[in-house]
Amino acid sequence: MRTSKFYLFPVKEDPNDASLVSHKLMLRSCMIRQSAAGIYTWLPLGLIVLKKIEAIIRKLHYEYDIQELLMPTIQSADLWKKSERYSDYGKEMLRIVDRNKNELLYGPTNEELITDVVSKDLQSYKDFPKILYHIQWKFRDEVRPRFGVMRCREFLMKDAYSFDIDFENAYLSYCKMFLLYLKIFKKLGVKALPFEADTGPIGGSLSHEFILEASSGESEIFYDNSIHDLNIDNVDFNNSSEIKDMVLNYSKYYSRTSEKHEEKVFQNSTNEKNIIRSRGIEVGHIFYFGKKYSEKLNSTFLNDKGKTNYIFSGSYGIGISRLVAAIIESSNDDKGIVWPIEVAPFQIGLVNVRKGDNLSTEFSENFYKSNHGKYNIIYEDRDIRLGQKLNIMDLIGIPIQIIIGEKNIVNNYIEIKDRKSGKVSLVSKDKIEVFLKKEYEL
RNA sequence: CGGGGCGUAGCGCAGCCUGGUAGCGCAUCUGCUUUGGGAGCAGAGGGUCGAGUGUUCGAAUCACUCCGCCCCGACCA
C-alpha cells in the first residue's frame, strides 16, 4: 500500500477524550474513531490489525478441527427466557422490540443460541465431540464504557463452544482449548498467562482467564513467576493424557485473579522470590459449565446404550477488539505503537527519503513493485519531509523500516531500522532479502 | 448508579467571572524558499460558540431545562 493512496490521517496532539496510552495511540494513528460512548468505527489501519488477529485465530482453530460458523447478532428473547438468563443478565443486555412486538436482543454471548442449533444435529454419541466457534460483534450495555476499545459496548469476540458426551470428554475439550489459547497468544506475539477465575454470568464450575500483564489493566493478578518456564510447543494435541498433563502442570503454579486470590495459599505454595503481584488485561476467558444450558434447553443425545443424555459443554472467548488495545498497552514507547510483527498492520515500512532524488525513487519504486506481493509493505511515496515520514512510521508502529536515501543508495546501500530496538543496519541493496530472512524470518 | 469535569473551526485550547456579535496553535489551501527525524516566510479558506427556553436594547458569556462526552468509584469480557 502506498501512503499516497492509503486512508491515513495521523495527528500529533493527544486527543482530549483519551486517558489510556493505547486509546490515545489508536486515535492518533487513525485506527479507530469514536461514534458514541463505547461504540467505534474501525478505520482501515485498525481494521487491518483486527483482521490479522482474526486470521491467526482462524488458522489455529482450523488446525485443531474447530470449525467456524456464523450466528446472528440479533437473537430472539425466547431462548434466553428458557435458560432464565433473560432476567439474570440485567441491564447489560440491549433489548429490542420489532414491528410485530416480538422481543429481541443484541447478543452479548451465544451459549443459548448455539446449544439450540447443535442439539438438532448432534443426536448420537457418535457425533461427538464437536467444537464450533464464530467471530462476531457483541453488545453489552456496560455501566461505564471506557478506555477506548478496551472496555466498549460493541466489541468483536471470538467465541467457541464445545459439545461432549460426558464430563471426562468435556474436560478434555476444556484442556485442549486451554492449550490452544496459549498457542494463539504466543502466535500473536503476546505474553498472556492463564489464571483461575470466577465464572460470572456465564456460570459453570471451572474457569480460567487469560491475562496480559499491563500496569493499566483492570484485573489484579497474583502468580508464581516460574509459570513462565512452562512450554507447550511440544505437546501432542492428539494425545489426551499429554494435554491433560500439561494443563495440570500449569495448575501446579499459583496463578489467580483477585476474585479467587487467597493470600495464605499463595505464600505457602510459592517461593518468595517468585511471588508476583501485578495487574493485567483480560484477553481470553474459558468456562466449563457442563449441562447448565443443555438441561434448560433440553439438548440431548442417545448414548451407546440407547439412553437419552444431556450434552456437556464449555465456552471459550477471546476479545479480539480488546486485544488490539491490550497489545498496544503492553507494547509502545514515546514515539508510538510498537507492533509485534505477527499482528503489525504492515511488516515493512518502505521510506523513500527524498522523492526528488532519482536514484532513491527508482530503487524504492522497483523494490515496492517487485516485493509487495511477498511482504506486507506500506510504501511512503509522498513528497513530504523526512521527519514526518519517519515519525508516522514510528507512530503506527511498523516493525521494519527500510529507508532509501541518496547518501547510501549511491553506494548501493540502504538502511533497515528496527522499530523496537531502534537499531539501524546498513545493508547492501542486494542483501535485503537475506537480511529480512535472517533477522525476521520473513 | 453515586461523585466530579467538560462541550467554542478537522484536532488541541483561550475567551465566560465583570454581557457589546469570536481568537490562538496544529492541520488544510496558494506562492516562494527549504529538504536525512513532525521546516521558514507571506497570504487564504473554514465556526447557527452542544440544543432549547428565559433575562436583557444586546447572550459564547447570566439563569433554568435537556442532550452528549470524559474521569473516579461500585459492576463487568
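The values are calculated or read from the model by the stated rules, or taken from the named source; none is laboratory data. Bear in mind the structure is a predicted one, so any value in this text is a computation, not a measurement. When we count neighbours, we look across all protein chains shown, and the Cβ atoms used for this are built from the backbone with ideal geometry, even at glycine.
Some observations on this one:
- All positions within segment A:88-139 that are in contact with a Lys or Arg (Cβ under 6 Å, 6 or more places away or on another chain) and either in a helix (DSSP H, G or I) or among the charged types (D, E, K, R) (or both): A:92
- Among the residues of segment A:268-307, the one identified as more than 23 Å from residue A:132 (Cα to Cα), touching a Gly at 6+ places or on another chain (Cβ under 7 Å) and basic (Lys, Arg) is A:279.
- Among the conditions (1) closer than 17 Å to residue A:433 by Cβ; (2) of a type outside the set (Val, Ile, Thr); (3) surrounded by 18 or more Cβ atoms within 10 Å (Cβ to Cβ), the only one that residue A:389 does not satisfy is (1).
- When the test is whether a residue is within 10 Å of RNA strand B (Cβ to nearest atom), among the charged types (D, E, K, R) and farther than 21 Å from residue A:341 by Cα, residue A:383 passes it.
- Scanning segment A:11-37 for residues that are under 21 Å from residue A:139 (Cα atoms) and more than 18 Å from the chain's Cα centre (by Cα) yields a count of 5.
A quick yes/no check of all residues on (1) in contact with a Leu (Cβ under 6 Å, 6 or more places away or on another chain); (2) farther than 25 Å from residue A:289 by Cα; (3) surrounded by fewer than 17 Cβ atoms within 10 Å (Cβ to Cβ):
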{"site": "A:208", "(1), (2), (3)": "no, no, no"}
{"site": "A:215", "(1), (2), (3)": "no, yes, yes"}
{"site": "A:221", "(1), (2), (3)": "no, no, no"}
{"site": "A:242", "(1), (2), (3)": "no, no, yes"}
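- Segment A:411-442 - residue that is under 26 Å from the mean Cα position of the chain (by Cα) and hydroxyl-bearing (Ser, Thr, Tyr) and, of those, nearest to RNA strand B (Cβ to nearest atom): A:421
- Residue A:332 being of a type outside the set (Lys, Arg), in the same structural domain as residue A:49 (by TED's automatic domain parsing) and touching a Leu at 6+ places or on another chain (Cβ under 8 Å): yes
- Residues located in segment A:1-33, provided they are aliphatic (A, V, I, L, M) and in a loop (DSSP other than H, G, I, E, B): A:1, A:8, A:11, A:18, A:20, A:31
- Residue in segment A:173-188 that is farther than 27 Å from residue A:310 by Cα, touching a strand residue (DSSP E or B) at 6+ places or on another chain (Cβ under 6 Å), of a type in the set (Lys, Arg) and surrounded by fewer than 22 Cβ atoms within 10 Å (Cβ to Cβ) present: no
- Residue that is surrounded by the fewest Cβ atoms within 10 Å (Cβ to Cβ) [pool: residues in segment A:244-287 that are within 19 Å of residue A:314 (Cα to Cα) and within 16 Å of RNA strand B (Cβ to nearest atom)]: A:282
- Members of segment A:147-173 that are closer than 22 Å to residue A:107 by Cβ, within 16 Å of RNA strand B (Cβ to nearest atom) and not in a helix (DSSP H, G or I): A:151, A:152, A:153, A:154, A:155, A:156, A:157, A:158, A:159, A:160, A:161
- Filter result for residue A:360 (more than 26 Å from residue A:51 (Cβ to Cβ), surrounded by 22 or more Cβ atoms within 10 Å (Cβ to Cβ) and polar (S, T, N, Q)): yes
- If the condition is being under 18 Å from residue A:152 (Cβ atoms) and modelled with pLDDT under 90, then segment A:90-100 contributes only A:91.
- Exactly one residue out of A:74, A:96, A:48, A:56 is β-branched (Val, Ile, Thr), closer than 16 Å to residue A:160 by Cβ and touching a residue at least 12 places away in the same chain (Cβ under 8 Å): that is A:56.
- Residue A:366 fulfils the conditions (1) without any contact (Cβ under 8 Å) to a residue 60 or more places away in the chain; (2) within 11 Å of RNA strand B (Cβ to nearest atom) except for a single criterion, (2).
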